[in-house]
Amino acid sequence: MLTVSIPAGALFYGTTRRRLDVVFDNALRQETEKTARLVHDLIASGETPPPEYKKRCESCSLLADCLPKTMQKKRAVVSYIKRMLSHP
Ligand code: SF4
């Protein structure tokens with residue numbers, strides 16, 4: 001957009017105070033374009049994908065809202081109601 005070449009960037013992780021240099025090569029640019037297309041398709045579908053707990057979740061700022069461990073448990077409402085009604 002600004003007609004300048006940007007060959008690299010960096011990610012800085014505040015919690016660990018580590019910096020990761022990233023080279024913007026063709027492979028990364030193609031993967032980024034592909035991912036952007038997939039995200040546009042996902043948004044157009046109107047559906048929110050279920051969270052998938054991974055090690056990276058522990059350092060994610062959305063962990064408290066996303067609750068991937070809790071949301072991954074496939075519990076049916078019917079089971080919950082039966083369990084609640086079976087307790088005295
Ligand atoms: S906690 Fe973060 S990384 Fe993990 S599933 Fe949720 S949004 Fe993704």
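Could you run the Karplus curve 6.51 cos²θ - 1.76 cosθ + 1.60 with θ = phi - 60° over segment 8-24 and give me ³J(HN,Hα) per residue in whole Hz, x for Gly and Pro?
With coefficients 6.51, -1.76 and 1.60, one gets 7, x, 8, 10, 10, 9, x, 4, 8, 6, 10, 10, 10, 6, 10, 8, 8 Hz.
Counting Lys and Arg as +1 and Asp and Glu as -1, each charge on the Cβ, what is the dipole of the chain about the Cα centre in debye, to the nearest 20?
In debye, rounded to 20, the chain gives about 640.
Computed over the Cα atoms of the chain, what is the convex hull's projected area averaged over all directions, in nm²?
Taking the Cα atoms of the chain, their convex hull projects to 10.0 nm² on average.
Less than 17 Å apart at the alpha-carbon level, and either on another chain or at least 8 residues along: which aspartates and glutamates does that give for K54?
Partners found: D65.
Treat the count of other C-beta atoms within 10 Å as a stand-in for reagent exposure and order S61, S5 from fewest to most.
S5, S61
Restrict the search to the chain; then list the chymotrypsin sites (Phe, Trp or Tyr not before Pro) that DSSP places in a loop and that have at most 15 other Cβ atoms within 10 Å of their Cβ.
Listed in order of number, the matching sites are F24, Y53.
Identify which of L42, L20, L63 has the largest mean-square fluctuation in a Gaussian network model of the chain, with springs joining Cα atoms closer than 10 Å.
Fluctuation is largest for L20.
Tabulate in residue order the Karplus-calculated ³J(HN,Hα) for segment 55-65, using 6.51 cos²θ - 1.76 cosθ + 1.60 with θ = phi - 60°, rounded to whole Hz; enter x for Gly and Pro.
Here the 3J(HN,Hα) series is 4, 4, 4, 4, 10, 8, 6, 9, 3, 5, 8 Hz.
Which of the lysines could be linked to K82 by a straight reach, that is with a Cα gap under 26 Å, when you skip same-chain ones fewer than 8 residues away?
List returned: K69, K73, K74.
Among C57, G14, M84, whose Cα projects farthest towards the positive end of the dipole of the chain, with charges put on the beta-carbon of Lys, Arg (+1) and Asp, Glu (-1)?
In the chain, that residue is M84.
Run lengths n ≥ 4 of DSSP H only: what is the helix-derived mean residue ellipticity at 222 nm for the chain, with -39500 (n - 2.57) per run over all residues, to the nearest 500?
-13000 deg cm²/dmol
Rounded, prolate or oblate: which fits segment 1-49, taking a ≥ b ≥ c as square roots of the Cα gyration tensor eigenvalues, rounded meaning a/c under 1.5, else prolate when a/b beats b/c?
Taking the square roots of the gyration eigenvalues as a ≥ b ≥ c, segment 1-49 is oblate.
For the chain, calculate the relative contact order in percent as a whole number, restricting contacts to Cα pairs under 8 Å that are 6 or more residues apart.
The normalised contact order for the chain reaches 16 percent.
Which of the aspartates and glutamates could be linked to K34 by a straight reach, that is with a Cα gap under 20 Å, when you skip same-chain ones fewer than 8 residues away?
Partners found: D25, E47.
A short reminder: the numbers here are calculations on the coordinates, not readings from a lab. Keep in mind that what you see is a predicted model, and the values were worked out from it rather than measured. All Cβ positions, glycine included, derive from the backbone under ideal geometry; neighbour counts span all protein chains shown.
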